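Encoded as structure tokens, the structure appears first; notes follow it.
The values are calculated or read from the model by the stated rules, or taken from the named source; none is laboratory data. Predicted, not measured: the structure shown is a model, and the values here were computed from it. For neighbour counting, all protein chains shown are included, and Cβ atoms are generated from backbone atoms with ideal geometry for every residue, glycine included.
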Amino acid sequence: MRQNLLGLCGFVMLASGCATGDYVVLLESPDGTTGAVVIDDARGQTRLDRKHQGAKIGSLGIGAGPFEVGDLRIARDFSEALAAQPVLPQRFQLYFEIGSAELTEPSKQAIEHVVEAIRLRGPSAVSVIGHTDTLSGPLWNEQLGLIRATAVAELLRSRHIEVIDLRVASHGERNLLIPTPDGVSEPRNRRVEISVR
């Protein structure tokens with residue numbers, strides 16, 4: 001009997017009782033990274049640090065070293081676990097003109113991708129978090145982040161999307177995308193991050 005288990009944030013999968021013995025495989029994460037996993041038992045350690053790298057476990061286990069696992073084998077051995085994964089959140093970033101709640105021209109166009117993602121997903125939980133650079137002081141930046149997030153939320157509402165929950169928050173100049181000292185104008189920090197779940 002084959003049993004598939006999904007673990008470690010969806011990056012490592014375990015196939016148990018399959019024809020080739022028990023093994024784990026490292027999968028790619030949603031952001032395109034894999035990280036690393038070390039499998040450790042009384043016989044030693046095996047490190048998996050590349051996408052689709054596998055290692056046998058159990059009686060045939062550690063010591064054989066990592067091996068490559070192809071897409072067809074992953075699909076065969078892990079089809080049930082892969083099908084059971086929830087739809088992952090989609091994330092978007094929109095950018096703003098300096099000191100204002102006006103979207104940049106590219107972001108005015110990118111908002112259409114956000115609206116389309118929500119429509120395709122159906123009723124969604126949406127989070128909108130405003131951020132600023134460090135050009136002004138922390139108190140004003142907290143307010144400006146909220147003004148930006150509220151403006152984007154209102155823009156989404158005006159498009160008559162189906163939302164289960166729409167949360168708006170500000171991080172101000174906390175959680176900078178590009179770390180800078182105080183008083184620096186950094187366009188990539190003047191943003192709203194949208195998460196659609």
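So here's what we get for this one:
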| item | result |
| --- | --- |
| Filter result (under 21 Å from the mean Cα position of the chain (by Cα) and farther than 14 Å from Arg167 by Cβ) within segment 119-152 | Arg119, Leu120, Arg121, Gly122, Pro123, His131 |
| Unique match (being loosely packed, with under 12 Cβ neighbours inside 10 Å and modelled with pLDDT under 65) among Asp71, Asp31 | Asp31 |
| Close pairs from segment 70-94: first assigned to a helix (DSSP H, G or I), partner among the polar types (S, T, N, Q), Cβ under 6 Å, at least 6 apart | Phe78/Asn4; Glu80/Asn4; Ala81/Asn4 |
| Exclusive hit being surrounded by fewer than 20 Cβ atoms within 10 Å (Cβ to Cβ) and of a type in the set (Val, Ile, Thr), set Val184, Val128, Val196, Val192 | Val184 |
| Failed criterion for Thr180 (all others in (1) of a type outside the set (Phe, Trp, Tyr); (2) touching an Asp or Glu at 6+ places or on another chain (Cβ under 6 Å); (3) within 13 Å of Phe96 (Cβ to Cβ) hold) | (3) |
| Which numbered condition Asp133 misses (of (1) surrounded by 14 or more Cβ atoms within 10 Å (Cβ to Cβ); (2) part of a helix (DSSP H, G or I)) | (2) |
